[in-house]
């Protein structure tokens, strides 16, 4: 089955510093990888996805993700964190066995402090 | 206009009752999904559905059933509610059933079973 892992439950970063939220994947075939963000008591918002091509994917709200095939990773990054980036971040992979539904990682809580 | 909407936003009910959650998307998408987010924030697919095929996660009890009156709607019916059904339920849609399409999520329905 296609799966992703998020090794960190929480990431703390000071406002203005760069942030990284880690994700590794395990897939057979081509990986189709996604990042979503969930603000408190809200639904999931799409940030970006990797399908093929350029290993650096740019997304919404200044986020980007780096796809690394040799390390089977798809880390989410942002050059300068904002307090408003504090939220729960999910990495996900499409699973052909479930009608191409998303298999999510456990989520990483990002806390950006002023 | 909200792309994917769900009603109600909150649902509090007694054990043993039958309830429904409605989902509507105005994106013209062909495929819709239901996900469950538990108290630990884990997200898991329950169903994926388009007008040709319903795929059910084998772990979902048969008390749960999706019903689609038309392409824009996928409602979730739950019979004989149990305490363990308490969770946030998210509806999502994507243009086609395929690995690269982005899924867009509704705001969620928080179900509390007493």
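Overview of results
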quantity: Residue within segment B:36-57 that is at pLDDT 95 or above, more than 29 Å from residue A:47 (Cα to Cα) and in contact with a strand residue (DSSP E or B) (Cβ under 8 Å, 6 or more places away or on another chain) present; calculated: no
quantity: Any hit, segment A:16-35, residues being part of a strand (DSSP E or B), at the interface with chain B (Cβ under 8 Å from one of its Cβ atoms) and within 27 Å of residue B:89 (Cα to Cα); calculated: yes
quantity: Residues being closer than 14 Å to residue A:95 by Cα and at pLDDT 95 or above - total across segment A:1-25; calculated: 2
quantity: Top-ranked residue of segment B:20-29 - restricted to ones that are in contact (Cβ under 8 Å) with a residue 60 or more places away in the chain and surrounded by fewer than 18 Cβ atoms within 10 Å (Cβ to Cβ), ranked as nearest to residue A:109 (Cα to Cα); calculated: B:27
quantity: Residue among A:82, A:47, A:102, A:19 that alone is free of Cβ contacts under 8 Å to residues at least 60 places away in the same chain and either in contact with a strand residue (DSSP E or B) (Cβ under 6 Å, 6 or more places away or on another chain) or over 21 Å from residue B:40 (Cα atoms) (or both); calculated: A:47
quantity: Members of segment B:72-101 that are farther than 25 Å from residue A:94 by Cα and touching a helix residue (DSSP H, G or I) at 6+ places or on another chain (Cβ under 9 Å); calculated: B:78
quantity: Hits in segment A:39-76 - residues which are within 20 Å of residue A:10 (Cβ to Cβ) and either surrounded by 17 or more Cβ atoms within 10 Å (Cβ to Cβ) or touching a helix residue (DSSP H, G or I) at 6+ places or on another chain (Cβ under 6 Å) (or both); calculated: A:44, A:47, A:63, A:65, A:73, A:74, A:75, A:76
quantity: Sole exception among (1) at pLDDT below 95; (2) on the phi > 0 side of the Ramachandran plot for residue A:54, by number; calculated: (2)
quantity: Of all residues in segment B:102-114 being in a strand (DSSP E or B) and within 11 Å of chain A (Cβ to nearest Cβ), the one that is surrounded by the most Cβ atoms within 10 Å (Cβ to Cβ); calculated: B:105
quantity: Meets criteria (part of a loop (DSSP other than H, G, I, E, B) and farther than 22 Å from residue B:33 by Cα) for residue A:66; calculated: no
quantity: Positions within segment A:25-35 being in contact (Cβ under 8 Å) with a residue 60 or more places away in the chain, under 14 Å from the mean Cα position of the chain (by Cα) and under 14 Å from residue A:105 (Cβ atoms), in sequence order; calculated: A:25, A:31, A:33, A:34
quantity: Some residue of segment A:78-97 being surrounded by 22 or more Cβ atoms within 10 Å (Cβ to Cβ) and at pLDDT below 95; calculated: yes
quantity: Enumerated strands (runs of 3 or more DSSP E) restricted to segment B:1-101, each holding at least 3 residues that are within 24 Å of residue A:97 (Cβ to Cβ) and within 14 Å of another protein chain (Cβ to nearest Cβ); calculated: B:31-37, B:43-49, B:54-56, B:87-94
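The values are calculated or read from the model by the stated rules, or taken from the named source; none is laboratory data. Keep in mind that what you see is a predicted model, and the values were worked out from it rather than measured. Cβ: placed from backbone, ideal geometry, glycine included. Neighbour counts: every protein chain shown.
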